[in-house]
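Undergrad: Shown below is the structure under consideration.
Computed from the coordinates by the stated procedures, all read-outs in this text should not be read as laboratory data. Bear in mind that the values here come from a model prediction, so they are computed numbers and not experimental data. Heads up, the Cβs are rebuilt from the backbone with ideal geometry, glycines too, and the neighbour counts pull from every protein chain shown.
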Amino acid sequence: MNIQPAILVIDDEPQILRALKTILSSKQFRVSTASRGEEGITLAATQQPDLIILDLSLPDMSGIDVCTRIREWSQVPIIILSVRDREIDKVTALDRGADDYLTKPFGIEELLARIRVALRHSSKSADTHQSIITAGPITIDLVKHVVTRSGSEVKLTATEFKVLSYLASHADRVLTHQAILNHVWDFEDSDHVEYLRVYIGQLRKKLETNPEEPEYIITESGVGYRFLTVK
């Protein structure tokens, strides 16, 4: 008998907790809830859920602090839900370890899709580190440093490959500008975002059917980029 994934929802809005518990339970998830940050941290530690849905505004502490505390000892996928749509809130949450971010009000089908992606990648990470990543006609061999599109090799510079491999290694997750800049160039500030955009543009010209309407290297406005393998 397969054990269904367990989801912990941390939110102080009773109607949100009730709705998510009803909807997620109907999709065969095991659901537990918490309305305060400390309670959520305790449940995360004792129940060890497969995924956490976390609101940023809690009565006793911020969701950012909850995320930071949990990241001290767990890599469980965390999806942020919040009425805050400011770019700084999204960037801060992602930099503190969140895997994804949805702004309220949100579509339940979109949330379910994000949950499936997060659980799938979490499972893969637990089993083994992928060395070959595919997205549509694009194949990236992280070991051999070879990229092909529809079977034909795509020539990339060393820096282009480093940018692409970092995005692909975290496929379907949002990576902030700062995270990419830190990894690729060891820049400790965000003053080089335009520099990064140049390389993203070059990669799109080499990999996308229409670089002006990319299907795989997606811009998360004001936040960063996401390499899509799941549509």
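Undergrad: Quote to one decimal, in nm, the extra length available between K206 and S74 on full extension: 0.36 nm per residue of separation minus the C-alpha distance between them.
TA: The K206-S74 span can extend by a further 43.8 nm.
Undergrad: Per residue of the range 18-34, what does 6.51 cos²θ - 1.76 cosθ + 1.60 with θ = phi - 60° give for ³J(HN,Hα)? Whole Hz please, x for Gly and Pro, Karplus curve as stated.
TA: Those phi angles translate into 5, 5, 5, 4, 5, 5, 5, 5, 5, 8, 6, 7, 8, 10, 10, 9, 9 Hz.
Undergrad: Let me ask another. Stretched out fully, how many nm does the piece from S62 to R149 gain, at 0.36 nm a residue minus the Cα gap?
TA: 26.9 nm
Undergrad: Counting Lys +1, Arg +1, Asp -1, Glu -1, what net charge surrounds M61 among other residues with beta carbon under 15 Å of its beta carbon?
TA: Within the 15 Å Cβ shell, the charges total -4.
Undergrad: What residues have an amide H closer than 5 Å to that of V146, excluding those fewer than 5 places away on the same chain, when H is modeled at 1.01 Å from N in the peptide plane?
TA: Result for V146 returns D141.
Undergrad: Residue by residue through the range 57-73, what is 3J(HN,Hα) from phi via Karplus (6.51 cos²θ - 1.76 cosθ + 1.60, θ = phi - 60°)? Round to whole Hz and write x for glycine and proline.
TA: Karplus-based 3J(HN,Hα) across the range 57-73 equals 9, 10, x, 10, 6, 7, x, 4, 5, 4, 4, 4, 5, 5, 5, 5, 9 Hz.
Undergrad: A further question on this structure: Could you tell me the distance between the Cα centroids of the range 57-106 and the range 157-209, to the nearest Å?
TA: So the two Cα centres are separated by 23 Å.
Undergrad: Then there is this: Dividing the convex hull volume of the alpha carbon atoms of the range 92-231 by its residue count, what do you get in Å³ per residue?
TA: Working: hull volume 17.2 nm³, N = 140.
Once divided by residue count, the hull of the range 92-231 is 123 Å³.
Undergrad: List the residues whose amide H sits under 5 Å from the amide H of V31, counting only those 5 or more places along or on another chain, with H placed 1.01 Å from N in the peptide plane.
TA: Residues meeting the criterion, in which the H sits 1.01 Å from N, are I7.
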